[in-house]
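The values are calculated or read from the model by the stated rules, or taken from the named source; none is laboratory data. What you see is a predicted model, and the numbers here were worked out from it, not measured in a lab. Backbone-built Cβ (ideal geometry, glycine too); neighbour counts: all protein chains shown. In case anyone asks, the SASA skips ligands and DNA or RNA and just uses the protein heavy atoms, side chains included. Shrake-Rupley method; radii C 1.70, N 1.55, O 1.52, S 1.80 Å.
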Amino acid sequence: MNADFVERCGFSALAKEDLTPSPSRSACTWMFAGACLACALPTLSAVSSPPNATFFNQAAAVVGWGVWVCLWAFGAQRLPSTRWDERRSAGAGPLWGVLLILVGGVGWAAVGVLPISLALSAWGMLAAAGLALWFGQLVVRSGWAEAAFTALCGALVVAAVLNTGVALVQVLAPQAVDGLWMAQTSAAIAGRGAGNLRQPNHLSSLVLWGLVAVVWLQARGARSPARDGLWLALGLGLCAGVALSGSRTGTVGLLLLALWGGLDRRLAGRVRWCLVAAPVAYALMAWAVSVGLHAALAQEGRFSLQGDVSASRFGIWSNAGVLLQQHPWQGVGWGGFNWAWSLTPFPGRPVAFFDHAHNLALHFAVELGLPVALLLCGLLMWAFGRAVWGAWGLSGSRGVMASAAAVMVAVMALHSQFEYPLWYAYFLLPTGFLWGLSLALAAPTQASPKRRVPRVSFDTQRGAGMVLGALVAIGGLAAALDYMRVVVIFTPMADSGPLAQRIQAGQRSVFFSHQAHYAQATTQNLPGEVLPSIRVAAHNLIDSRLLVVWAQAYAAQGDLDRARYLAQRLREFRPNDALFAPCRPGGNAGGTAVPFQCTSPARMLSPDDFVGAD
């Protein structure tokens, strides 16, 4: 960055050799505004409507990233004396390969049993991820990397700070949470902060991103004791956000940041010491929270290792291993984990309804098969290794920026070992951008003389960005409007019409018809109408309610073996359900016939026996 940019935006260059032409004051403003639309606003929305509590957050992310790309394409100009190097895109080849393989995997599942609404949703999210990845490379090739990354970091700090404030209210004064500006959390995580993302682990990862962003902004800022003290206070406040979440994943993430501080000598000495000391600061804050709020909030055992330290992950990983043994080569199909897991006998299964293996590599293996999973993981590791190794070889501010972006990707990779954050647009799209940016920064400036790279002008790619960004933003808005067709099924208004009419309208939804089929299955009594809808709804999520009506529908049709099999699977979830009341001693009230749910099927069945079985 040059001195003019320092005066306009408040940042100073780390190394003179890194000086590049910089955008104008107005460009700084609209880049930051676009980044806030893409990264801050989606994490701050507390408004939700069933059936998906985070849908509006994710739709806002998709629309925001499309708008940000459009803003850049509309206002960006070719920076004087900046080399336009389209060859930097070569470094992201492995990631483009991952996206193409996943697109093909979704298509293969859609040809089989996956409902088209779920396939279209997956394709749309992959397309948005591709846009974010391409945008991350484009800003580097056009000389806008520092402006875009700084804007992104500013937006992440805003999001992390405000969500930490929400978490503080959720922990200290839960009665003040209104559900409009601050999201209400479930009883299962009472006493833990989740911000407006509604999950403590999501809050911790967002805050970790905010801490990395603080490191970059502090490194780029003018040095003074007052400013350094402000950045330190901000960092400590974000460490408190991780403590409020009570997230074990966040704890490990802080150790990752400490490792970065210990190894990266390009960072200022005081910054490195702060990063190394961050886990200690977190431990003190976690202790203060656990001790200070113990009596008032009934926090017994919150930070201890009592109970299942894995929060059922060990159980679901074990079950996923069994599914992998049963389907090692082709897997159960994209989106088929919940279907296969719920319908496979697991007497000691976790009682929650899981739709993901809670480990990225294991989930790929179960759904797509071991060969494809190995290929995907190999490509991801190749791309990550390129980003880290390339960042390590860079110097000055460019190196710090590349390493900061790579560390943010590493935070999400760590989170993906225990959950599935990349299934949420507000994490997937920034990760794609950061990965694309870090790979482009780390790519060699000179292409191999044996390789001809087609030259594409800056104006051509800027025009493509405007078109693609607009398409993604319009797609996100269209999905939000389409979602309202199923919202009225679950939260009707005065003029919404009768339930049957609302369900029929919802079944015409492009992206969410499976939700309308769930309502059809759980509210109608005719087996002939229920079973076709169950086949669609069950590929989204099988729960107790769906299992009950599914079993009863088969029993009403006389298919007692399938009904008994489903009842057995329901028993494994240990529900407190009236369906099994007749099976208890004296529960049959003198009836002569033994109810179907009280006996075992006469023949061996498997999940495959329910594919296409009406």
Return the loop-located chymotrypsin sites (Phe, Trp or Tyr not before Pro) in the stretch 313-354 (DSSP other than H, G, I, E, B) with at most 16 other Cβ atoms within 10 Å of their own Cβ; answer none if there are none.
329, 353
Per the C-alpha gyration tensor (a ≥ b ≥ c, the square roots of its eigenvalues), the stretch 496-553 is rounded if a/c is under 1.5, else prolate if a/b beats b/c, else oblate; here it's oblate
Could you please state, rounded to a whole Å, how far the C-alpha centre of the stretch 406-439 is from the C-alpha centre of the stretch 329-381?
20 Å
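If you roll a 1.4 Å probe over the heavy atoms of the protein chains, what accessible area per residue do you get for the stretch 480-601, in Å²?
47 Å²
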What residues from the stretch 404-420 fall in the zone where the backbone N is under 12 Å from a label point 7 Å along the Cα-to-C-beta line of residue 259?
407, 410-411, 413-415
Global form of the stretch 84-163, assessed from the alpha-carbon gyration tensor, a/c cut-off 1.5:
oblate
Between residue 236 and residue 312, what is the FRET efficiency for a Förster distance of 35 Å, r being their Cβ-Cβ separation, to the nearest 0.05?
0.60
Taking Cα pairs closer than 8 Å and at least 6 residues apart, the relative contact order of the stretch 456-575 in percent is 15 percent
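With the Cα gyration tensor of the stretch 206-265 giving a ≥ b ≥ c as the square roots of its eigenvalues, does the rule (a/c under 1.5 for rounded; else a/b larger than b/c for prolate; else oblate) give rounded, prolate or oblate? Walk me through the numbers before you get to the answer.
Details: a/c = 2.61, a/b = 1.48, b/c = 1.76.
Oblate, because a/c is 1.5 or more while a/b does not exceed b/c.
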Where the centroid of each part is defined by its Cα atoms, how far is the stretch 533-606 from the stretch 105-146 in Å?
40 Å
Evaluate the relative contact order of the chain (contact order divided by residue number), counting alpha-carbon pairs under 8 angstrom at least 6 apart; express in whole percent.
19 percent
Which residues' amide hydrogens lie under 5 Å from the amide hydrogen of residue 221, considering only partners 5 or more residues apart or on another chain, with H built in the peptide plane?
12
Starting from the 7 Å offset along Cα-to-Cβ, what nm value, one decimal, do you get for the label separation of residue 224 and residue 602?
8.6 nm
DSSP-assigned coil residues among chymotrypsin sites (Phe, Trp or Tyr not before Pro) in the stretch 126-201, each with at most 12 further Cβ atoms within 10 Å
none
I'd like the trypsin sites (Lys or Arg not before Pro) in the stretch 201-234 restricted to DSSP loop residues with at most 16 other Cβ atoms within 10 Å, sorted by number.
223
Of the listed values (i) 90, 61, 52; (ii) 61, 59, 49; (iii) 109, 75, 50, grab the one calculated as Cα extents along the principal axes in Å from the structure here.
(i)
In whole angstrom, the spacing between the Cα centers of the stretch 193-246 and the stretch 24-61 equals 18 Å
Quote the charge dipole size of the chain about the Cα centre in Debye, to the nearest 20; the model charges only the Cβ of Lys and Arg (+1) and of Asp and Glu (-1).
1360 debye
Span-rule helices in the chain, defined as complete DSSP H runs reaching 24 Å or more along the axis (Cα) with Kyte mean at least 1.0
55-75, 93-112, 116-141, 145-172, 225-245, 269-292, 370-392, 396-415, 425-442, 458-490
Rounded to a whole number, what % of the accessible area of the chain do carbon and sulfur atoms account for, probe 1.4 Å?
65 percent
Amide H within-cut-off set for residue 507, under 5 Å, with H built and near neighbours excluded:
none
